[in-house]
Amino acid sequence: MFSSSLWWLLLVGGVLVLVGFRPAAPEPKVVAELELSRYMGKWYAVAHIPNWFERGCQAGTTATYTLLADGTIEVVNECYDAAGRKRVARGRAWILNPQEPGRLKVSFLQLFGHWFFAGNYWILALGKDYSYAVVGEPQRKYGWVLSRTPILSPAAWEEIKAILQDNGYDWAKFVFIDQSPNVAPSR
């Protein structure tokens, strides 16, 4: 017969198998160096993992970053809804630790001069020329591919897919963002 400790070990092991226990995945790797002045400016969100706070955005999503005198970053996210109306969200981002410049926090809720409910904004990779950025967070619930242009080359997409996979992301969860409002010929 089984000893009582072996019985408990088998019972606990069986329960863990049934509930799908998985060890925690290692945190995504972030960039070791970040030149904030080069990161500032307008980025086109060309792919993302869909999330509740971008639900009304149908096309043309962009993010514009401006470094402020106090060292924080003004964030202006814009997109177009299904009716073609522009939507704008303004927020603040900041680096928590200068030794880890790729780990930022961002908030879109300001009350009484303070920013609340900040989320993780981790820069996982940058194109050598800052032509693209891969952004994520520790639980891999959110992710974005940003580009300086509305369209990325096939070679850049292959690099980005490999970066996401190396960081434990499932590329199949990402969807492309319609950037046609930003590439349409001007009238």
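A short reminder: the numbers here are calculations on the coordinates, not readings from a lab. This is a predicted model, so every value here is computed, not measured. All Cβ positions, even for glycine, are placed from backbone atoms using ideal geometry, and neighbour counts span all protein chains on display.
Taking the chain as a Gaussian network, Cα atoms linked when under 10 Å apart, which of A32, A82, A45 shows the biggest mean-square fluctuation?
A82
Under the rule of -39500 (n - 2.57) per DSSP H run of 4 or more residues, summed and divided by the residues of the chain, what mean residue ellipticity at 222 nm is obtained, to the nearest 500 deg cm²/dmol?
After summing the helix terms and dividing by residue count, I get -5500 deg cm²/dmol.
Please arrange E100, E137 by how many other C-beta atoms lie within 10 Å of their C-beta, fewest to most.
E100, E137
Quick check: residue separation of Q110 and A155 times 0.36 nm, minus the Cα distance between them. What number comes out in nm?
Between Q110 and A155, full extension yields an extra 12.2 nm.
Does region 82-172 classify as rounded, prolate or oblate by the C-alpha gyration tensor (a ≥ b ≥ c root eigenvalues; a/c under 1.5 gives rounded; else a/b over b/c gives prolate, otherwise oblate)?
Judged from the Cα gyration tensor, region 82-172 comes out oblate (a/c at least 1.5, b/c at or above a/b).
What order do you get for K86, K42 when you list them from fewest to most C-beta neighbours inside 10 Å?
In increasing order of surrounding Cβ atoms, one gets K86, K42.
Among residues other than Y80 whose Cβ falls under 11 Å from its Cβ, what is the net charge (Lys/Arg +1, Asp/Glu -1)?
In short, 0.
Within 10 Å of each residue's Cβ, count the other Cβ atoms and sort S107, S147, S37 from fewest upward.
S37, S107, S147
Taking the Kirkwood radius as the inverse of the mean 1/r across Cα pairs, report the Rg/Rh of the chain.
Rg/Rh for the chain comes to 1.10.
Among G56, G71, V31, whose Cα lies farthest out toward the positive end of the dipole of the chain, if unit charges sit on the beta carbon of Lys, Arg (+1) and Asp, Glu (-1)?
Ranked along the dipole, the leading option is G56.
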